[in-house]
1. Any residue in the range 50-66 that's closer than 13 Å to residue 134 by Cβ: show its pairings with residues that are crowded, with 20+ Cβ neighbours inside 10 Å and small (Gly, Ala, Ser) at Cβ separation under 6 Å, as long as the two are six or more apart or on different chains.
2. Out of 267, 225, I need the residue that is modelled with pLDDT under 95, out of contact with any Phe, Trp or Tyr (no Cβ under 8 Å at 6 or more places or on another chain), of a type in the set (Ser, Thr, Tyr) and farther than 28 Å from residue 39 by Cβ. Which one?
3. Restricting to the range 443-460, name every residue that is under 16 Å from residue 481 (Cβ atoms) and buried (at least 16 other Cβ atoms within 10 Å of the Cβ).
4. Just name the residue that is surrounded by the most Cβ atoms within 10 Å (Cβ to Cβ) out of those in the range 302-360 that are among the hydroxyl-bearing types (Ser, Thr, Tyr) and within 18 Å of the chain's Cα centre (by Cα).
5. Determine whether the range 90-108 contains at least one residue that is among the acidic types (Asp, Glu), more than 23 Å from residue 299 (Cβ to Cβ) and touching a residue at least 12 places away in the same chain (Cβ under 8 Å).
6. Of the residues 120, 148, 143, 95, only one is of a type in the set (S, T, N, Q) and out of contact with any helix residue (DSSP H, G or I) (no Cβ under 8 Å at 6 or more places or on another chain); which?
7. Output yes when any residue across the range 202-218 is farther than 30 Å from residue 297 by Cα, touching a helix residue (DSSP H, G or I) at 6+ places or on another chain (Cβ under 8 Å), surrounded by 15 or more Cβ atoms within 10 Å (Cβ to Cβ) and not β-branched (Val, Ile, Thr), and no when none is.
Amino acid sequence: MIKIPRRKPLLTSTYLYEYRNAIYRGELVAGRELIIELDKLIREYDNPRYYYDTHDAYLRMEFMEGAIKLTKSPYYGKPMILMLWQKAFIEVIYSYKMSDTGNDRFKKVLLLIARKNTKSETCSGLGLTEGCVGNEGEDIVCSSNDDSQANILYEAIDTMRLMIDPKQKDTWKNQKWIKIKYNGSKIFKLSDRTKNKEGRNIDFAIIDEVHEMKDNVIVKSIEQSQSLKKNPKLILITTEGFVNEGFLDEELKKARRILNDEDDGVSAERYLPWLYTQDSESEVWEGNRENRLWEKSNPTLGMVKQYEYLEEQVDAARKSKADRAFVLSKDFNFKVSNVQAWLEHEKLLQNRVFDLEEFRGKICLGGVDLAETTDMCAAHILLMKPNDKTKYIYSHYWIPQSKLNNSDDKSAGAEYEEWARKGLLTICEDNEVDIASIADWFLDLYKQYEIRLYKCGYDQRFSKEFLNKMDYYGFDCEMVLQNRFVMSSPMKLVETEITNDLINFNDNEITRWCLKNTAMQIWDTGLIMPIKAQGMSNKRIDGAVALIITYEILRRYRSEFMGAL
């Protein structure tokens, strides 16, 4: 066996021990999963299979604190002063060695940490440091699911580099990579969209935002490229996300098996899970500055991430399901499905009605969901009264004759014939809805009640005949695209107003049915849009979509509309 020279420090002098002891004394707050890992690492300190040498770790931390400056406001240009959690994290990655080879123990690292806790800045600094003080000729990669995210790490590294070497005497950058002149190391980007991902020879890789990955293509490509390396490093950094059954879900299963000693294979001992998580959801709603429970998933809270910001986020989450799902995932690392229930059904049990005579001679805003001509179509008008925040919604629906006996619709709660008898629904002859007749409905409202349509929102699909008729009548229409970028804000506004009893939909049974059937799909950006709830493919959401479109028109023309009441 090769005799490896050891530089083992006293356990009590390590940042690992200092970090765990600070948590034990209550100076810092951590969740159960992190504490389990720290305790395991401390127990393994005397395991003869490993030894602990802090030289490589301290060399990197000294460079980070002595040379690197931060790139983000309000800390731009200030020295990188590592927090205790960062020191313990870096120390463990580089200090645990395999006794038989002297190689680093940990090849793969998973850092799960809530947003705005310096994960990208920390790893950008570590990537530049590896290029500058690591082995000669290293290939260092900034990677992510897409080019834009990988570019965040890469540009941060480049900004840090130029602060150290503004005249580029020791480093330079071309279109392919950043080159460290004095040791031949290169830093470059790689994403899932990069061509020719295979055939590379990577030493050190940081993969950001892995929660967005549906599969392990980019990760596997990097792992395979490290197969010849003695001390490869693959660091995965992420918050929780909304991709169901994606790469992160599988990776966290592995990590938690390791934490719970359910996986003791060779690959398990070379994998370091470092998870900042809450112990229960109740800690989110009970947390505050005094009990510091939020620090379990936010280790920089009060130092970098601000309590005031997180208090605002939690307050918004109490009021909105969309905000709740986003905050639980991004600020507290709870796994949340990307499809969530939207509205509290109790709020839809209103029996408030109004008479259109109350609005004779007034103006209104409109919105339609034309869907397919062989399916249900919906139209709403939105009315208001002076000094009254309530939005009064008057609606009508259309279906083709062929839908009347659709057993799937009936089993989903559709009562088309009953609704038609009540005047809520028009049954169109043949197998299609006459889209032009929807324009006639707006005209009839003007003829009967002198209610003038100011603006009407529509989606571009199936709209040609409708638009021609609306133009003929002199009604002004505006396109509202049905995508998350457009629909998110008005959908959140509808939820808020229904929650606060500010929408009176005239006790319309079809509107209520459509709202109950609607779920929301959530993206990592916090954007949402309406979809049918899982298992409800036979339930209609046309009335909900039309209402959201109407609210988007209200958002665009609120001032003009309110001024004309």
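The values are calculated or read from the model by the stated rules, or taken from the named source; none is laboratory data. On a predicted model such as this, the values are computed, not experimentally measured, just so you know. Glycine also receives a Cβ, built like all others from the backbone with ideal geometry; neighbour counts cover every protein chain displayed.
1. That search, which allows pairs on different chains as well, returns 57/95; 64/125.
2. Numbers: 267 fails: farther than 28 Å from residue 39 by Cβ.
Checking each option against the conditions leaves just 225.
3. Keep residues of the range 443-460 that are under 16 Å from residue 481 (Cβ atoms), which gives 455-460.
Answer for the range 443-460, where residues must be under 16 Å from residue 481 (Cβ atoms) and buried (at least 16 other Cβ atoms within 10 Å of the Cβ): 455, 456, 457, 458, 459.
4. Among those that are among the hydroxyl-bearing types (Ser, Thr, Tyr) and within 18 Å of the chain's Cα centre (by Cα), it is 329.
5. Yes, the conditions are met somewhere in the range 90-108.
6. The unique qualifying residue is 148.
7. Checked against the condition, which is being farther than 30 Å from residue 297 by Cα, touching a helix residue (DSSP H, G or I) at 6+ places or on another chain (Cβ under 8 Å), surrounded by 15 or more Cβ atoms within 10 Å (Cβ to Cβ) and not β-branched (Val, Ile, Thr), the range 202-218 yields no hits at all.
Yes/no per residue for (1) within 34 Å of the chain's Cα centre (by Cα); (2) among the basic types (Lys, Arg); (3) assigned to a helix (DSSP H, G or I):
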site: 18; (1), (2), (3): yes, no, yes
site: 27; (1), (2), (3): yes, no, no
site: 37; (1), (2), (3): yes, no, yes
site: 44; (1), (2), (3): no, no, yes
site: 48; (1), (2), (3): no, no, no
site: 63; (1), (2), (3): yes, no, yes
